[in-house]
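Inspection log for the structure reproduced underneath, given as structure tokens.
The values are calculated or read from the model by the stated rules, or taken from the named source; none is laboratory data. Being a predicted model, the structure only gives us computed values, none of them experimental. Methodologically, a virtual Cβ is constructed for each residue, glycine included, from the backbone with ideal geometry; neighbour enumeration extends over all protein chains shown. Only protein heavy atoms, including side chains, enter the accessible area calculation; ligands, DNA and RNA are left aside. Shrake-Rupley method; radii C 1.70, N 1.55, O 1.52, S 1.80 Å.
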Amino acid sequence: AGRFHSTATTTDGKLFAWGDNASGQLGLGRVGGVSTTAAAVSIGGSLAASCSAHVATACINFAGELWVWGFGDACSPQRVSGVKLREVHVTSSLFCGVTLDGTVWTRSIGPPGAGAHLVYDGP
């Protein structure tokens, strides 16, 4: 769960999000508001897992493709190219995961309030 939002992935691969959306962390295509009921997040394909922390969210589909959003920069899911993960985690400052071949992968997230953007700093 994030600081003020949560996500859940159903057994049939659908993603739902609820809570505060001040930074677009619900992935609903807009910033602001609060969702007190679970809202479906639209991402192509069935999802294997999702996680959230602070004001960012990430998920992976069964093909290992990574999708991220939040931090006021991306209020809709954005696919991260060049990486396939079998596991993903989010902290207040980075996305991290395990690639399909077992390598640890990390990407920093810009700090809140500093004109932050999601930052991908290479494999």
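Couple of notes before you dig in:
- The chain, relative contact order [Cα under 8 Å, separation at least 6], %: 19 percent
- Mean separation of Cα contacts under 8 Å (6+ apart) over length of the stretch 1-65, as relative contact order %: 34 percent
- Charge dipole (Cα centre; +1 on Lys/Arg Cβ, -1 on Asp/Glu Cβ; no other charges) of the chain amounts to roughly 100 debye.
- Relative packing of 34-47, 59-72, which averages over residues the other C-beta atoms within 10 Å, highest first: 59-72, 34-47
- Per residue, the chain exposes 48 Å² of solvent-accessible protein surface, assessed with a 1.4 angstrom probe and all protein chains in place.
- Accessible surface of the stretch 53-98, 1.4 Å probe, proportion on carbon and sulfur as whole %: 51 percent
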